[in-house]
Amino acid sequence: MTAAADTARGAPPLSVAQEALWYASRLAPSRLSYNETVSIRKEGPLDLVALRSAFAEIVRRHEAWRTTLDVAGGEPVQVVHPPPSFDLPVLDLGQLTPEQAERRAVGIVAEASRVPYDVRRGPLLRPRLIRFPGEQHRLYLAMHHLIFDGVSLYRVVLRELVAIYDAFAAGLPSPLPEPPPRYADYARWEQRWIAEPRARRRLEHWRARLASAPELPLPFDHPRPEIARGRGGVLSITVPSATVERLRRIGEAARASLFQVLATTWAALLGRYSGQDEVVFATPADLRQRPEFESVVGYCLTPLVLRVGVGGDPSFAELIVRVRNELLDGLDNLVPFERLVRELGHEPRTAANPVYGTMIVLEPELPAPDPAWSIHLMESGIGEAVGATKLDLELQLDERPEGHLAGRLIYDRELFEPSTAALVGEHWAQLAAAVAADPELPVARIPLLTPDEGRRLAEWNATATERPSGTMEDRLRARAASEPGAVALSAGEQDVFYAELVGSPAGVAERLRADGVGSGVGAALERMLAAGPGASALHLAAALAIELGLGPADTVLVLPEDILSVQVVAFWLPLAAGARAVLAPSGADGADLSRLIKAEQVSLLHTSPSGWRRLVASGLRPARALRALSGGGPLSRELADAVLERCRVLWNAYGSADTDGYATLGRVEAGGPVTIGRPLADTRAHVVDAHGRQQPVGVAGELLIAGAGAPEDGATVPEPGGTGRAHPTGERARWRSDGRLELVGRGLP
């Protein structure tokens, strides 16, 4: 059917997949997520005239490559243009060194790939031929995904281009017959097919299958933005031939293809990352379901969503069977994902991709039409320079004729730091190698922690420090001798000097109790002064003083309720630092404390998140010199921002409810993550899985505390990598790539 006939019938509709891209382009016209660049390489001599003519013939044969989109009657339609009479641009870099030519080519092609496409005006195809040193040529095809997919390139375009080029170079006409079906024919068929009862039954299958599908927590470094810009990074991945061959044999034993085995490695990794019994991810599937459409060039792929059960402690070999069955079931019920999204009630979104956030792709090795020719999807250098992605994570793999897999991990740079993305690639490669060596390994016990991560975790826990000599009484005597008139504690009209704390602790407590601090607080003070801090409490107090920068010139505001709970911070911290402590009146609100902070020139105020929330709500005003310390509960981003508006610096501490001190401490910056920081002096923190093994960086698990910051009483478990014991906190946490700890999976105030 000709374009003239199309005009008589009306412009052809969009395919279902094109519809989704059309609406996405209208929501974010400058987004580069669907800008792709492919290179077709030719080694050896090249007949430029023959190549230009052959490429022009490819564009003539396949209407999708000269199509734009417009609106007719309120609906988007395809507009097929006559074959263009462009002259294939050529850039000669043959005079440069190979390294110089590579850098120059990547820069030029990446710059062109960053230019947004106008899907209404077009063109949606931007070709460029670059000549490299040593008779190497690359035909770079920058395209919008509206007009191609991987099947088009591997199965149709490369074969046809080589055949036509060879004929033209020999002075012969094209040996290929006219392709009877056009992309417009495919789109019309698909729109009819999706309205049929069989397709409706498939949609109902998926509606039931994906209802309440779990979200997939990944080791993100940053929270998901409200509007995703699709800024992507690309990392190269290579799987050696020996590993590929072992994985292939494992698949044969399970009656599974190499791709099904690779998809199982991805499911296993996501299961380990999430700690969930089910994971959801996708892989592309071809919707060319009729033989006459096999040679159609255009966008005919759809994401096939897989909901894989990874619970029950399966071996890797057992998980292969689950993945294989899920894939076969999905292919038997294949429908355009974009229509499924509509059926599930998902509105167009500018943040997370609906239903799934990760994908694995394998481009199978196809017999090369000529050893001198090869095709390559977006190269890592160009992909990194363009910086575009559609998903959180995407693993793309190509089977190469030499037997290895050449791949790339594409990641969202708004969610992952490059170092974390690199760890994801290392974890996957390590997992693939481990199961290739032993497919009977239980998935939950596949080693993920890399040697480098092990060293980093050990460094972050290298907190051993020299304990302070003497007792708190020794410190108080030294302070009293160095400055006899220095006030140690103030409450109302009472000033208590360091010498009095040493000479008459019971009398000091009685005076403060009489001044209205409350009988419970007074009794607690008396017990504390009489007993003094234990060695661990004194050590932690001294360590906190150093971290917070407290010294004799500082004043710490102490809230009465803290005297009864976090004694190390509330009472021993200022004394260990030689600072002055001011005991606030019971029941003081934010406005009261603001006046006290100004009058007493307070340097540090500590309370729990609930305490900070109460003070902010009751009128706490900004104080330029104030340092804020929060502890005793999870600190939300919203509350942290409110506190940061009222102080010079904010610290967040973590300690178990069973101890009177803190185990970790971290500074919270405006706009940065809210973490609990790093372990304090002589304290170690571990994030472990259900089997007590250390989790990789970024992966959540249970938080264990060992050393000085751990409670003296309570249940313990063996400390990972050591001979001591650790206290299970019951909290879920993860190590960030910068060595700070982050609490996850619990409610925030």
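The values are calculated or read from the model by the stated rules, or taken from the named source; none is laboratory data. Note that the structure is a prediction, hence the values are computed from the model and not measured. Cβ: placed from backbone, ideal geometry, glycine included. Neighbour counts: every protein chain shown. Just so you know, the surface numbers come from the protein's heavy atoms only, side chains and all, with ligands and any DNA or RNA stripped out. Shrake-Rupley method; radii C 1.70, N 1.55, O 1.52, S 1.80 Å.
Numbers for the structure displayed
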| read-out | value |
| --- | --- |
| Candidate set: segment 84-113, residues that are within 36 Å of the chain's Cα centre (by Cα) and charged (D, E, K, R); chosen: the one most open to solvent (accessible area, probe 1.4 Å) | ARG103 |
| Single condition ALA625 does not satisfy, out of (1) in a loop (DSSP other than H, G, I, E, B); (2) open to solvent by less than 30 Å² (accessible area, probe 1.4 Å) | (2) |
| Among residues of segment 655-666, those that are in a loop (DSSP other than H, G, I, E, B) and at pLDDT 90 or above, counted | 1 |
| Condition met for ARG126 (without any contact (Cβ under 8 Å) to a residue 40 or more places away in the chain and in a strand (DSSP E or B)) | yes |
| Lone qualifier among GLY721, GLY671, GLY692 - being small (Gly, Ala, Ser), without any contact (Cβ under 8 Å) to a residue 12 or more places away in the chain and closer than 29 Å to GLY425 by Cα | GLY671 |
| Considering residues of segment 697-720 that are among the small types (Gly, Ala, Ser), surrounded by 14 or more Cβ atoms within 10 Å (Cβ to Cβ) and under 20 Å from ASP682 (Cα atoms) only, the residue nearest to the chain's Cα centre (by Cα) | ALA706 |
| Criterion (open to solvent by 40 Å² or more (accessible area, probe 1.4 Å), among the charged types (D, E, K, R), more than 17 Å from LEU334 (Cβ to Cβ) and at pLDDT 90 or above) met by exactly one of ASP185, ASP166 | ASP166 |
| 2 or more residues surrounded by fewer than 23 Cβ atoms within 10 Å (Cβ to Cβ) and of a type outside the set (S, T, N, Q): qualifying helices (runs of 4 or more DSSP H) within segment 531-604 | 535-548, 560-563, 590-600 |
| Count of residues meeting criterion [within 20 Å of THR420 (Cα to Cα) and either open to solvent by 10 Å² or more (accessible area, probe 1.4 Å) or in a strand (DSSP E or B) (or both)] in segment 667-684 | 6 |
| Lone qualifier among PRO82, PRO29 - being farther than 15 Å from LEU125 by Cβ and either among the β-branched types (Val, Ile, Thr) or at pLDDT below 95 (or both) | PRO29 |
| Selected residue (criterion: farthest from TYR154 (Cα to Cα)) from residues of segment 52-73 that are in contact with a His (Cβ under 9 Å, 6 or more places away or on another chain) and open to solvent by 20 Å² or more (accessible area, probe 1.4 Å) | ARG66 |
| Failed item, numbered, when PRO116 is tested on (1) open to solvent by 50 Å² or more (accessible area, probe 1.4 Å); (2) assigned to a strand (DSSP E or B); (3) touching a residue at least 12 places away in the same chain (Cβ under 8 Å) | (2) |
| GLY619 in contact with a Ser or Thr (Cβ under 9 Å, 6 or more places away or on another chain) and either more than 20 Å from VAL556 (Cβ to Cβ) or open to solvent by 10 Å² or more (accessible area, probe 1.4 Å) (or both) | yes |
| Counted residues, segment 721-747 - those being open to solvent by 20 Å² or more (accessible area, probe 1.4 Å) and not charged (D, E, K, R) | 12 |
| Pair list, Cβ under 6 Å, 6 or more apart: segment 265-286 residue over 19 Å from GLU318 (Cβ atoms) and touching a residue at least 12 places away in the same chain (Cβ under 8 Å), other residue in a helix (DSSP H, G or I) and open to solvent by 10 Å² or more (accessible area, probe 1.4 Å) | ASP286/VAL151 |
| Out of ASN325, ASN353, sole residue that is out of contact with any Pro (no Cβ under 6 Å at 6 or more places or on another chain) and under 21 Å from ARG201 (Cα atoms) | ASN325 |
| Where a residue in segment 163-186 is under 17 Å from ARG66 (Cα atoms) and its partner, wherever it lies, is crowded, with 17+ Cβ neighbours inside 10 Å and acidic (Asp, Glu), with Cβ under 9 Å and at least six apart | PRO179/GLU160; ARG182/ASP6; ARG182/GLU63; TYR183/GLU63; ALA184/ASP6; ALA184/GLU63 |
| Failed item in (1) assigned to a loop (DSSP other than H, G, I, E, B); (2) free of Cβ contacts under 8 Å to residues at least 40 places away in the same chain; (3) in contact with a helix residue (DSSP H, G or I) (Cβ under 9 Å, 6 or more places away or on another chain), with ALA715 passing the rest | (3) |
| Test: ARG684 is over 22 Å from the mean Cα position of the chain (by Cα) and touching a residue at least 60 places away in the same chain (Cβ under 8 Å) | yes |
| Some residue of segment 427-435 being more than 25 Å from VAL280 (Cβ to Cβ), in contact with a helix residue (DSSP H, G or I) (Cβ under 7 Å, 6 or more places away or on another chain) and either in a helix (DSSP H, G or I) or open to solvent by less than 50 Å² (accessible area, probe 1.4 Å) (or both) | yes |
| Search result, residues across segment 695-712 that are in a loop (DSSP other than H, G, I, E, B) and closer than 21 Å to ALA537 by Cβ | ALA708, GLY709, ALA710, PRO711, GLU712 |
| Of residues in segment 188-214 being of a type in the set (A, V, I, L, M) and either free of Cβ contacts under 8 Å to residues at least 24 places away in the same chain or in a loop (DSSP other than H, G, I, E, B) (or both), the one surrounded by the most Cβ atoms within 10 Å (Cβ to Cβ) | ALA213 |
| Answer from LEU32, LEU21 - the residue that is open to solvent by less than 70 Å² (accessible area, probe 1.4 Å) and either farther than 18 Å from CYS300 by Cβ or over 35 Å from the mean Cα position of the chain (by Cα) (or both) | LEU32 |
| Some residue of segment 635-644 being in contact with a strand residue (DSSP E or B) (Cβ under 6 Å, 6 or more places away or on another chain), at pLDDT 95 or above and surrounded by 21 or more Cβ atoms within 10 Å (Cβ to Cβ) | yes |
| Of residues in segment 346-381 being at pLDDT below 70 and crowded, with 21+ Cβ neighbours inside 10 Å, the one nearest to TYR34 (Cα to Cα) | MET378 |
| Residue check for ALA406: out of contact with any helix residue (DSSP H, G or I) (no Cβ under 9 Å at 6 or more places or on another chain), surrounded by 14 or more Cβ atoms within 10 Å (Cβ to Cβ) and modelled with pLDDT under 90 | yes |
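Here is a yes/no grid of residues against (1) farther than 30 Å from GLU719 by Cα; (2) among the small types (Gly, Ala, Ser); (3) touching a residue at least 40 places away in the same chain (Cβ under 8 Å):
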| position | (1), (2), (3) |
| --- | --- |
| LEU604 | yes, no, yes |
| SER618 | yes, yes, no |
| LEU626 | yes, no, no |
| LEU629 | no, no, yes |
| TYR654 | no, no, yes |
| ARG678 | no, no, yes |
